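Asks: Sharing a structure, written as structure tokens. Questions coming.
The values are calculated or read from the model by the stated rules, or taken from the named source; none is laboratory data. Predicted model, so just to flag it, every value in this text is computed and none were measured. Backbone-built Cβ (ideal geometry, glycine too); neighbour counts: all protein chains shown.
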Amino acid sequence: MNPQERILADLAAVVRRAFPDRDFPDAVGPDTRVLADLGLASIDVVVLAEQLGTHYGKRLPFGTFLKGLRDRGADDIALGELVTFLQANL
């Protein structure tokens, strides 16, 4: 498993642990969107950010990541973007 695949698998596990009462698709990939496909709300993204920091034992600069998305007009987060961010900050 390459590093991106490992992070994507970690991400899927953290999402399922953080929101155990929700049904998520069995398979997720880099193009899976956090809001549209996983059904998370913007407040859930904050929870997810905290859970990822806990999972990796590191404070991650999610504020900067989210600001970059807003600045370019993104209205959702693809898991591939999140994987790239995590890979750069771990």
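Asks: Mind checking which residues of the range 59-90 are surrounded by 12 or more Cβ atoms within 10 Å (Cβ to Cβ) and either assigned to a loop (DSSP other than H, G, I, E, B) or of a type in the set (Phe, Trp, Tyr) (or both)?
Replies: Within the range 59-90, Leu60, Pro61, Phe62, Phe65, Ala74, Asp76, Ile77, Phe85, Leu90 qualify.
Asks: Further question on the same structure: Name every residue in the range 13-51 that is among the aliphatic types (A, V, I, L, M), modelled with pLDDT under 90 and over 17 Å from Asp76 (Cα atoms), in order of residue number.
Replies: Matches in the range 13-51: Ala27 only.
Asks: Follow-up. Anything in the range 21-57 that is surrounded by 14 or more Cβ atoms within 10 Å (Cβ to Cβ), of a type in the set (Val, Ile, Thr) and under 20 Å from Glu5 (Cα atoms)? List them, or say none.
Replies: Val28, Thr32, Val34
Asks: Restricting to the range 14-52, name every residue that is within 11 Å of the chain's Cα centre (by Cα) and assigned to a helix (DSSP H, G or I).
Replies: Val14, Val15, Asp44, Val45, Val46, Val47, Leu48, Ala49, Glu50, Gln51, Leu52
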